[in-house]
Every structure is written in structure tokens, then in C-alpha cells.
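**Student:** Dumping the structure here so I can ask a few things about it.
The values are calculated or read from the model by the stated rules, or taken from the named source; none is laboratory data. Keep in mind that this is a model prediction, so the values were computed, not measured. Ideal geometry is used to build each Cβ from the backbone, glycine not excepted, and the neighbour counts take in all protein chains shown. Heavy atoms of the whole protein, side chains included, go into the accessibility calculation; ligands, DNA and RNA do not. Shrake-Rupley method; radii C 1.70, N 1.55, O 1.52, S 1.80 Å.
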Protein chains: 2
Amino acid sequence: MVESWSFLDTAESNFRPLVVIELAKGTKEETIEWFTKRIVDKKANGGAQLLMKPLVTENGVENIYLVGASHLRLLLGAEAVGLVKECSDNSMRTFTYSSRKTFKHYADDNHDFLTMAECQYIIKHELENLRAKDEKMIPGYPQAKLYPGKSIVRRLLTSGILVQIFPLHDREELKKLSHSWYGRVKIGYQPLDDIRCYFGETIALYFGFLEYFTFALIPMAVIGIPYYVFAWEDYDKYVMFATFNLLWSTVILEVWKRMCAILTYRWGTLLMKRQFEEPRPGFHGVLGINPVTGREEPMYSSIKRQLRIYLVSLPFVCLCLYFSLYVMMIYFDLEQWALDYHKENESNFSSLMLYVPSIIYAVVIEIMNLIYRYAAEFLTSWENHRLESSYQNHLILKVLVFNFLNCFASLFYIAFVMFDMKLLRQSLATLLITSQILNQFAESLLPYWLQKRYNRRMKKRMCSTKSDMDLSLAEQVNMEKEMGTYLGTFDDYLELFLQFGYVSLFSCVYPLAAVFAVLNNITEIYSDALKMCRVYKRPFAEPTANIGVWQLAFETMSVISVVTNCILIGMSPEVDALFPDSKMNLVLTVALVEHLLLAIKFIMAFVIPDKPRDIQMKLAKLEFESLEALKQQVRAFEMQLHFLLVHH
Amino acid sequence: MVESWSFLDTAESNFRPLVVIELAKGTKEETIEWFTKRIVDKKANGGAQLLMKPLVTENGVENIYLVGASHLRLLLGAEAVGLVKECSDNSMRTFTYSSRKTFKHYADDNHDFLTMAECQYIIKHELENLRAKDEKMIPGYPQAKLYPGKSIVRRLLTSGILVQIFPLHDREELKKLSHSWYGRVKIGYQPLDDIRCYFGETIALYFGFLEYFTFALIPMAVIGIPYYVFAWEDYDKYVMFATFNLLWSTVILEVWKRMCAILTYRWGTLLMKRQFEEPRPGFHGVLGINPVTGREEPMYSSIKRQLRIYLVSLPFVCLCLYFSLYVMMIYFDLEQWALDYHKENESNFSSLMLYVPSIIYAVVIEIMNLIYRYAAEFLTSWENHRLESSYQNHLILKVLVFNFLNCFASLFYIAFVMFDMKLLRQSLATLLITSQILNQFAESLLPYWLQKRYNRRMKKRMCSTKSDMDLSLAEQVNMEKEMGTYLGTFDDYLELFLQFGYVSLFSCVYPLAAVFAVLNNITEIYSDALKMCRVYKRPFAEPTANIGVWQLAFETMSVISVVTNCILIGMSPEVDALFPDSKMNLVLTVALVEHLLLAIKFIMAFVIPDKPRDIQMKLAKLEFESLEALKQQVRAFEMQLHFLLVHH
């Protein structure tokens, strides 16, 4: 039984559980003892100096532990992770314990100075930085090797002794948040700051982007509606729409950078210093000396990794791309067959049949994306990248290329090989709508329903009819530990990325796409919010300063869409008719316009500053102050020296 | 007479003059007294704590002062400017006085630890940071207002009391350097490290780039020669050349970034922290509170500046561009006239006459560039930019746009409006060669000759026949102060930029351009070296980590050249003949190839890392160490706290 509190908690009477640690059933007693000792041990002895309590349920002890920390410990941890908080003078500064009095809302007895998500992030950081000293292996598990400096938690996770670590929900806060977020039907902004306080910056930034993107699509949707209502078919109108679309998409991506800077400045992550990146948990290799850190750690030859990437992953991706194209050709055969069938026996049923191939294809695309996703994850993990960031980049690249081709190849084929604008419009609509419906279903509603069913059975078993709010801590932990794990914002961004492709790549053919995108995104906000609050375990907060590689992905898509739209416009019979004498002039004009648009895009991206002026000023002020402080130090040193020289 | 040495020099017996200050003739005695007092005064009293001596010549005191500093003062200054030097363990670290013993070649009596250029840079930095305390004006000159924090030297310069500040040449070092640099004809690299030690990083980097660029052009030149020798006229060969050229130019620009990182890492400037930027000397406005620094300083409304830029500068630049096009049309009239003349009376003289319009036009272009340069400088200075960097960016943008159009408009016109490849080749050759000859002459030989003549007269007047080496300090100073001032690397880079345009924009028409560029650059290295060593005053060293905006300018040029070359190839009759049926297919193929090439360029730029792996590792190591140091601090603080809590 662990009851040896560490010294820092003397002032604290109540233990607030923040993080849950679940160990495997049947974990050896000596392992548990060693692990808990390391967690509660003093910093000076290489421990994490946290508080830890086993969870006692009706069935006795179940290898589930609750971790918390004293207020002081959390403040010191906030300094260690480099948290940036708001000062009393409204400027943002890196928190240090010694300057704690200058921060807004700081009081020695104000335990809400750090948000719960921040506290949980700090505990996660401290746990992950709990490192082996002279242990050669995990006590009780001789096959689980350790070396000095290896993160203990990561080794426990990879060897299966540690099942999971997750932060606890705060039922009360969650109820407040979900009420203001999706509880009532209202027109208005999401409570981004509250989302950030509860779920952390990465998730809040995703919802911020989703909201921003939805608002940004509204002008396109509004302009797109009359095309449907009045059945406009004049090509000059479509050209106008496409041109607006292209410039608009550049503007919104540039303005997003500014919005993002405003949000992350307010949240403090814009100023947060990057932490030194440790090897990712799955990385393995033979022990060697890391030339950067000078520490002994697993090393894996970069050449071997390159070989794996170029000799296995690359051919595999190419094969998948080929397979995707092959499926596409089958779809076209089906399409032809449906058309023939419709011609032969014309009926209501046959005209409905016309849509069937597209729908089947859309479903197949989603399934292929899903399967490929697993394959890509397996391959990228097998490539054995040392850093999480490098792993993520390779995974995202693999997935983006495949998904792009898988989703858009048929549309490109219809547009630029078959030249069938009618079919393009029909396919685009079917693909977009089907994929949106499938996504909403697979992503939120299905897990929600499964979760509901599980919860009901769970409660029945526990023979209680209490509402969620009245659950005991043990019941809450038991319920939450069975919830699914939220795997990050990757899939959500990917969905938006593909949607952006549907909206912008062929915007001059189907202006209504933006309308569907807006409608989807409004429900997406609600279903994603539901997913975060009710379906998944609470995720750990992750500080982030921007949406990272997705900004680049969206910008690339908007460059590609300039090319596709220009070609589409050039191919239209109406524009064709403007150049009756010479097709050459038409093509040359289209090429010229395309280059002009691209040039304008790049100039706009260059001219619009990435950060608003007031944020720039604030950053300049901070930089100035830190340089001044440095100068003061040098000056003080010079004075000291002067004093020494004069007096000796 | 200033003889009051400051305290730090007690250990130094000999005064080494580093920097010369020339005051205007007839400067009031009280001003001189105040200024010298501020320079030699102790740091604690707000002085610069430097050494200063008036220069005594045969004609008595001439308001010329020599500035030096004690060894210790220079070391402290090196810390203040954030100099990065090599440590004994071969890593690069920011120099601090307290860690001085860990640096390579450091010894208390080694006065060569800092190079002379570094010492001069430190003195310049200290002089520029000599700030007004409570003076309201410069003593003796009530119209030259001062406010607390204003740089005294800058105010003295703008009010004409201070004529110039320049660093002294080191005759002996210079002789050694010029011998190893251009003194003997040899094949080999320039002594870049010596150049850097003598002239500083900005100039050494320019010569590094010039050398790199010349080497990079050699493959193009080598491939280009057979086209001339064998009079190849097959278009497929030209296509091959152009394709090679386009990919090659991307590669060389990317590889330069890596080379640049290697050089500036070795020189320490890659790691040097950016200093906070002060307002530029010419900036004026009404006194206000700067929101960033909180200091009282001149403020100028950003809206007024924008109005000046958009309502005056922009129209003026457009007018100049129009004028340049107008001159171009006159050139084409002349060209036509010469052609007619040649047809009417065919003779040797008339065929020579064919080249005259191009030569005249080339000369006119150079003159227009020169005049426009002055106008652009005047306008940009009138726009009243607060920061030197913003001033430079606006100036460079203005000059680049005009020079690009002025130099290349006629070639674009000939290529894409007149479709006259023969004339294009002839014009290109004439423009390139004439501009190179003019540049070499105007830039180095003319000033050199003027300087020589001046020196001869000077020596005659001084009635001495001594060689340069034997000149007394007074004679040296008197001679150097009359030398021209080197105005920075702008013109040199601009010349290379235009040359790169001539070589790459129309490379598939005139492969020989690269040969001329290589030949020009080899002589350019010599003439620029001569210019630096013999014609101009020694410039102050300027630390820099890269070639800045020029990298972007060269990359933009290489993107434009993809477009021009693709069009040129598409227009050629040989490629035309490959598509006998349909011009459409030709144009579409060309557009496709162009987009592919552009995509390859961007992917290559993205894939090739900007810094070589070993530099990345070294930087990662430094980052790791500083983070570790920070962690140690936090840990030490936690221990201290622990101690306090336990013992109280």
C-alpha cells in the first residue's frame, strides 16, 4: 500500500486525482512497489515527486492508480515545461516560480491558477521524464531492459506492463463546457478559450480552424446558391465564381495564420519554447552514444531506414496508388453498365440506378482510405523513425498522397480525359455527399451509440440508476478507462483537407459544393464536440503554436486548384466560342491567366504579414526586454569588474 | 588635448589605433571636448570607455582623432555584441568574458584573439551605442537637438559635425591578404577565411557566393562550348541544355544555402543572436513614446509612410518603367534603321553598324539603371522608414523591378512578340558583353585609376617617395580618409543577379552566355578584390548569417526562367515539327512540361535540407546543452526550495 506522501504536500490536506495509471492485471508486486516509489520519490533522488493513490473499488485493489500533485509541485512543473501565462500587465511571459506574484490571478491559495488540463500536462511531462538511473531492467521483468536516462514510463508501455495513462474528466466542468459548446442550438462562436482550458491547445486550435474554415466558406456558399436556384449556366458567371474562389482561398489561408497567431498568443503557446525532442516510444535499436546528447541510447542506422523507405514503403505506396486507379477503372465500367441499363429499360428504378455506381465507389474509397491508413501506420512505424515529428511527417505524406489520388483521381479522369462536365458534376456531388455522411456516421455517431450501450450495460451491472454526475470516483474511473482513445486531430484535419479539395479543385463546375461543405461543417462541429466530450477518454493537452504541416497541405491544394480551374474554364464551350479563329490563342490566354493568378497568389502570400501588427509589437517588446535584461547583466558585470580592478 | 586615459588601459602600454573619426573643419572647441569626454568616459558614467588620441600631422591638429581600446575593453565589447567564437573543443559558442578561458587561442596576453575587423566592429558598436543622457542638444550647436537615448554619433553625423568614421587599414595584413588573394595568378579558392578576418562576414560571403556561383556556372559553360564550336543547331540539343540548366539552377541555389551554413557556422555568425534594431540614422519624426521600447524617440505615422509609398513612389516607379519601355521602342526603331541601312549599302562598315544600336542601347540601359538607382535611394529615404532593414527591402524591391524590366524587356519583346530568335541571340550577346565590360570598368578600373592618380599627387605634395608600407600613421590616415567609401554589396549582388538572368532566362537560345559569365566572374573576383583592397576605405565588418533577400531574388529568377525557357522551346520550329497535326497538343505538352518542371523545382527545394547534416547535429547539440543548462537551473532551484522548506 502506497501512503508515503512526499514532503511538498504537507500544506495540502486534500488529494485531487488528476491522472489515472492502469497497470496490467497480474503485474508483479515488486514492479508496482518500485514504480510507485519512483513516482513519489523526491526530485533530489531522481523521482517525480508526485502524489499517488491506489483506486479502491468494491472488488478491492485493481492495479489502477490515481496520480496527483501538490500545488507547489505543479507550479514548479509549470516552470519546467516552460508554460507561458498572462501577467498582471496583460503581457504574456514564461512562468517562473520566483516571479509568480507578477502573474494574473496568481495567489498562493488560488488552486485554479493552472487549469486542470495544464496540471495534467505537467504530470504527464513529469511521468515521461522519470528516467532510469542505474536500473538495468524493470524489476520483476528481466526481459524489459533499461539503460541510464531511458524514460521508465515509455519502457513500461512498450513492454505492456503499463496499460494506459489518461487524464480524468472533470464531470462538472465537462457539463458546463458541453452545455455552452453544443448543448443548446445557437448561432455564435464556440467557447474556444473554454475548450482550450479543458482539452488543450491542439484540440482547441482544430475547432478554431473548423469554425474559421466554415465561416470562410460562407461567402462561397452564398455566391454558389443562385447558380442552383436560377440554374445559371452562363460560363462567364462560372468564371467569375472560380476566380473569386481562387483568390478567396488564398486570402483565407493567409488570414488563418493571423487568426492562429492571435489565438496562440492569447493561449501562450506562440511564445512557448520548443522542448528538446526525445526518441518516440516505439523507436528501437542497439545501444550507442548519441552524438548530440552524449548519452547512451538506442541508435538505428539512417541508411537502413532510408533503404526501408525507398525499397519497401515507396514501392508499396506506388502499388496502392496503382490499385486505387484500377478500382477507379472498375467504377467507370460500372458507370457505363448502369448507363446502358438505363438506356435499355428506362424507368424510375433505372434512373436511380445511375447513382448507384458513384455511391458504391464513394463507399469503396472510404474503405480503401481506412485500410491504407492502417498499412501506412504499420509501415511508418516499421521504418523506425527516431523522432515523433519525423514519424508524423512520413505518415502524413504517405496518407495525403494516397487519399488525394484515391478521392480525386476519378474526378480528374472525368474532367481531363473524358471531358464530361455533366458526369463530373454528378460524381463530385455524389462523392462529396456520400463521404460526408459516411464520415459523420463512422466518426461520431457509431462510437457514441456503442458507448451509450456499453454505459447502460455497465450501470445495470453496477445495479445503480444514478446519473453521470453522482458517480463515485471509482465508478467514473472504471467507466472512463473503457472509453476509446482519441488518436489526435489527424483524421479530422484530413477530412477538412479532402473537403477543401472537393470545394476548390472543381469549383467552377459545381458551386454548390461550398454549400454542402458549410452544412457538413456545422454538424461536424456538433458531432466532433460530442465525440470529444462523451465518446472518448479525455486526451492530454498538447501545446501547439499552429496547425503545422496542414497549413502547407491546404496551401498546396489551393495552388493545384488554380491549375485545375483554369483548365476547366479553358475547356468550356462558352470560353471556346470566344476564340473562334484559333484554339492556340485560347490555350495561350488560359496559360497566361493561370500564371498571373499563381503570381498574384504568391505575391499575396508574401505581402500579407503572418502575424497581426499588435502581436508583432508585443513580440518585439518581449524581445526588446530580454535583450535589455541581457545588456543589464553585461553592464552589471562590467561594473563589478571595475570595482575589483579599482580596489585591488 | 585629450590625454585622459580611462582606467582599463593601465595594463596597456601601447595604443593601437583602430578607427578614425573625422570632425568637420571649424567644429567648436566645446563640442569636441564634450564628445571626446563622452567617448573616454567610464561605462558607469554612460561613456564608451574607449581610448582616443588626436592625430598630429605636420600641419598641426586637423580635427582627426584615432580611437582604440584596451584589450580588456574589447573582450567585454565582444560579449556585448554577442560574438560567437570557437572553443577549445571545436564547438562554436557565444563569447562571454567569464568563460574566456575555454575559447581556442585565448590567452590573457594574446591580443590577436579578436581579429582587427572584430575589434573595429566592436568599437563601431560602442560608438553608435553612445547615447545622450540629459543633453537637450549638442553643446555648441543648439539646432542639433538630442533626447535621452538618442545615439550621439548618429546625431553628429546627420548634423554634419562628424564627417566620417572609418576603420584603419592594416598595411601589413592587407599586403599579405592581397598577395594570397589576387597578387599571383593561380587556380584555386580565394582565402575566404582571411577575407572574413580582414573585411568581415558580409563581404567574405559575397566573395564566397561569387566564387561558388562561378564554379557552379562551369558545367553550364562546358556544356555550352560545343554548341558554339560545332555550330549545333538541332533543337533537341538545345532542349537538353535548357532542361539541364533549369534543374541545375535549382540545385545550385539549394546547395548554396548549405555552403553558406557551413561558412557562417565556421565564422560564428550562424549562431549569433540578432541585435535589437535601432532606428536608422536618417529617420526623423516628432518625439513620442515608442510602444515597444517605452522610450521617447521620434515617431512617424505609418499611414503617412504608406501614402508616400503608394501615392508617390509607386506612380514614379511605374513612370520609370514606362519610360524604360519607351526607350526600348526607340532602340527597335534604331535597329530597323540600321538593318535598312545595311540592306541599302552593304559594306563592312554597314555590317558593323548592325551592332551599334545594341551597344548604344546597352550603354543607355546602364546609364538609366544608374540614374534610377539614385532616384530610388532618394525616394526610399524620403519614405522615412524607421528601420534600416525596412529601408533596404523597399530599396531593393524598387531597384530589382526596374533593373529587371530595363535589362530584359527588349529580350522578352524580341522573343515573345517579334519571335526573332536570331535577333534575340545577337541582342543577348551584345547586352551581356557590353554590360559586363561597362561594369568592370565603372566599378573597379576607373576608381582604381583615379585613386592612383590622387595618390601620386598626394605623395608629390608630401614630397615623399616612400612606398605604401613606409608611410607614417598620419600620412596613412590622410590618404585613407580621401578614399571612396564602399557602399555595401548591393551593386555587386545586383550585377550577379542580372548576369544570372542573362544566363538562365534564355539559356536554350544562347548557351554561350554561361561561358561569358564564367570569364567575367573570374576577372570580377580580381577586380572586386582590387577594389576592396586598394580603391576604397576599409569598410566596417558586418556580421551576417546569409545573403538575405538575394537568395529569394535568385530563386524567383530561376522560377521565371522555367517559364521563359519552356515557351522558347515550344516556339522553336523543330519542336513545332514534332506536332504536325495539332498546335493544341504542342501547347498543352509545353504547359504540362512546364508545370512538371516547376513542381520538381519546388519538391527539390523542399527535399534538400538547408543545412548539412553535421551542422544540424552541431546546432542540435548546442540547443540540447542550453536546454540542459536551463533544466539544471530549475533543478538547483527546486533543491534550494526543498532545503528551505525542510529547514524552516
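**Student:** Under 6 Å between Cβ atoms, which residue pairs at least 6 apart in sequence (or on different chains) link something in the range A:213-226 that is in the same structural domain as A:VAL251 (by the TED database) with a partner that is of a type in the set (A, V, I, L, M) and outside any helix (DSSP H, G or I)?
**Tutor:** Listed by first residue and then by second, the contacts come to A:GLY224/A:LEU512.
**Student:** So, in the range A:583-596, exactly how many residues are among the small types (Gly, Ala, Ser) and open to solvent by 80 Å² or more (accessible area, probe 1.4 Å)?
**Tutor:** 0
**Student:** List, please: which pairs have Cβ atoms under 8 Å, are six or more places apart or on different chains, and start with a residue in the range A:532-546 that is in the same structural domain as A:PHE441 (by the TED database) and end with one that is among the charged types (D, E, K, R) and modelled with pLDDT under 90?
**Tutor:** Correct list of pairs: A:LYS537/A:GLU480; A:LYS537/A:LYS481; A:ARG538/A:GLU480.
**Student:** Tally time: how many residues in the range B:408-422 are at pLDDT below 85 and either buried (at least 19 other Cβ atoms within 10 Å of the Cβ) or in a helix (DSSP H, G or I) (or both)?
**Tutor:** Residues flagged as at pLDDT below 85 and either buried (at least 19 other Cβ atoms within 10 Å of the Cβ) or in a helix (DSSP H, G or I) (or both) within the range B:408-422 amount to 2.
**Student:** Could you grab me the full set of residues in the range B:36-68 that are within 14 Å of chain A (Cβ to nearest Cβ) and on the phi > 0 side of the Ramachandran plot?
**Tutor:** To start, the set of residues in the range B:36-68 that are within 14 Å of chain A (Cβ to nearest Cβ) comprises B:41-50.
Listed by number, the residues that qualify are B:GLY46, B:GLN49.
Residue by residue, here is whether (1) in contact with a Phe, Trp or Tyr (Cβ under 7 Å, 6 or more places away or on another chain); (2) outside the structural domain of B:ARG295 (by the TED database); (3) of a type in the set (Asp, Glu); (4) without any contact (Cβ under 8 Å) to a residue 60 or more places away in the chain holds:
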| site | (1), (2), (3), (4) |
| --- | --- |
| B:ARG73 | no, yes, no, no |
| B:THR94 | no, yes, no, no |
| B:TYR106 | yes, yes, no, yes |
| B:ALA117 | yes, yes, no, no |
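**Student:** I want to confirm something. Restricting to the range A:73-92 and keeping residues that are surrounded by fewer than 18 Cβ atoms within 10 Å (Cβ to Cβ) and under 31 Å from the mean Cα position of the chain (by Cα), which single residue is farthest from the other protein chains (Cβ to nearest Cβ)?
**Tutor:** A:GLU86
**Student:** Then there is this: With the structure loaded, tell me whether A:THR269 is within 20 Å of A:PHE500 (Cα to Cα) and among the polar types (S, T, N, Q) or whether it fails that test. Don't jump to the end; show me each part of the working.
**Tutor:** On the way: within 20 Å of A:PHE500 (Cα to Cα): no; among the polar types (S, T, N, Q): yes.
The answer is no for A:THR269.
**Student:** Here is a check on your reading of the model: is A:LYS124 surrounded by fewer than 20 Cβ atoms within 10 Å (Cβ to Cβ) and not in a strand (DSSP E or B)?
**Tutor:** Details: surrounded by fewer than 20 Cβ atoms within 10 Å (Cβ to Cβ): no; not in a strand (DSSP E or B): yes.
No.
**Student:** Have a look at B:ALA636, B:ALA620, B:ALA605, B:ALA629 and point out the one that is assigned by the TED database to the domain that holds B:SER561 and open to solvent by less than 60 Å² (accessible area, probe 1.4 Å).
**Tutor:** B:ALA605
**Student:** For B:MET458, which of the numbered conditions (1) open to solvent by 60 Å² or more (accessible area, probe 1.4 Å); (2) among the hydrophobic types (A, V, I, L, M, F, W, C); (3) modelled with pLDDT under 80; (4) assigned to a helix (DSSP H, G or I) fails to hold?
**Tutor:** Going through the list (1) open to solvent by 60 Å² or more (accessible area, probe 1.4 Å); (2) among the hydrophobic types (A, V, I, L, M, F, W, C); (3) modelled with pLDDT under 80; (4) assigned to a helix (DSSP H, G or I), B:MET458 breaks only (1).
**Student:** Let me ask another. Those residues that are part of a loop (DSSP other than H, G, I, E, B) and free of Cβ contacts under 8 Å to residues at least 12 places away in the same chain, I need them from the range A:136-155; list them, please.
**Tutor:** Matches in the range A:136-155: A:LYS136 only.
**Student:** Right, something else. When the residues of the range A:531-582 are filtered to those that are polar (S, T, N, Q) and part of a loop (DSSP other than H, G, I, E, B), which remaining residue is surrounded by the most Cβ atoms within 10 Å (Cβ to Cβ)?
**Tutor:** Going residue by residue through the range A:531-582, those that are polar (S, T, N, Q) are A:544, A:546, A:551, A:556, A:558, A:561, A:564-565, A:572, A:582.
Still in the list and also part of a loop (DSSP other than H, G, I, E, B): A:544, A:546, A:572, A:582.
Values: A:THR544: 21, A:ASN546: 18, A:SER572: 17, A:SER582: 11.
Only one residue tops the list, namely A:THR544.
**Student:** Here's something else I'd like to know. I'd like to verify a number: residues in the range A:337-361 that are of a type in the set (Gly, Ala, Ser), under 42 Å from the mean Cα position of the chain (by Cα) and exposed (fewer than 12 other Cβ atoms within 10 Å of the Cβ), how many?
**Tutor:** So the answer is 1.
**Student:** Give the residues of the range A:93-107 that are within 12 Å of A:LEU74 (Cα to Cα) and either more than 14 Å from chain B (Cβ to nearest Cβ) or not in a loop (DSSP other than H, G, I, E, B) (or both), sorted by residue number.
**Tutor:** Selection gives A:TYR97 alone.
**Student:** How many residues does the range A:378-393 contain that are farther than 16 Å from A:GLN551 by Cα and open to solvent by 10 Å² or more (accessible area, probe 1.4 Å)? Step through it out loud before you land on a result.
**Tutor:** Pass one, the range A:378-393, residues farther than 16 Å from A:GLN551 by Cα: A:378-388, A:390-391.
When the remaining residues are screened for being open to solvent by 10 Å² or more (accessible area, probe 1.4 Å), the result is A:378-379, A:381-382, A:386-388, A:390-391.
Summing the residues that are farther than 16 Å from A:GLN551 by Cα and open to solvent by 10 Å² or more (accessible area, probe 1.4 Å) in the range A:378-393 gives 9.
**Student:** Every residue in the range A:569-590 that is in contact (Cβ under 8 Å) with a residue 24 or more places away in the chain and within 13 Å of chain B (Cβ to nearest Cβ), please.
**Tutor:** A:MET571, A:VAL590
**Student:** Is at least one residue of the range B:610-624 at pLDDT below 80 and more than 9 Å from every other protein chain (Cβ to nearest Cβ)?
**Tutor:** No: the range B:610-624 contains no residue that is at pLDDT below 80 and more than 9 Å from every other protein chain (Cβ to nearest Cβ).
**Student:** Now a separate question. Name the single residue that is farthest from A:LEU162 (Cα to Cα) among those in the range A:286-298 being more than 12 Å from chain B (Cβ to nearest Cβ) and touching a Lys or Arg at 6+ places or on another chain (Cβ under 8 Å). Spell out the reasoning first.
**Tutor:** Filtering the range A:286-298 for residues more than 12 Å from chain B (Cβ to nearest Cβ) gives A:286-289, A:296-298.
Cutting the leftovers down to touching a Lys or Arg at 6+ places or on another chain (Cβ under 8 Å) gives us A:289, A:297.
Details: A:ILE289: 28, A:GLU297: 21 Å.
Step by step, filter the range A:286-298, then rank; the result is A:ILE289.
**Student:** Residues that are farther than 28 Å from B:GLU482 by Cβ and either assigned to a strand (DSSP E or B) or assigned by the TED database to the domain that holds B:ILE525 (or both): does the range B:158-181 have at least one?
**Tutor:** No; the residues of the range B:158-181 include none that is farther than 28 Å from B:GLU482 by Cβ and either assigned to a strand (DSSP E or B) or assigned by the TED database to the domain that holds B:ILE525 (or both).
**Student:** Out of A:VAL317, A:VAL364, A:VAL312, A:VAL327, report the one residue that is surrounded by fewer than 15 Cβ atoms within 10 Å (Cβ to Cβ) and among the β-branched types (Val, Ile, Thr).
**Tutor:** A:VAL312
**Student:** Check off (1) of a type in the set (Val, Ile, Thr); (2) surrounded by 15 or more Cβ atoms within 10 Å (Cβ to Cβ); (3) within 22 Å of A:ASN565 (Cβ to Cβ) for A:VAL222 and give me the number that stays unchecked.
**Tutor:** Failed condition: (2).
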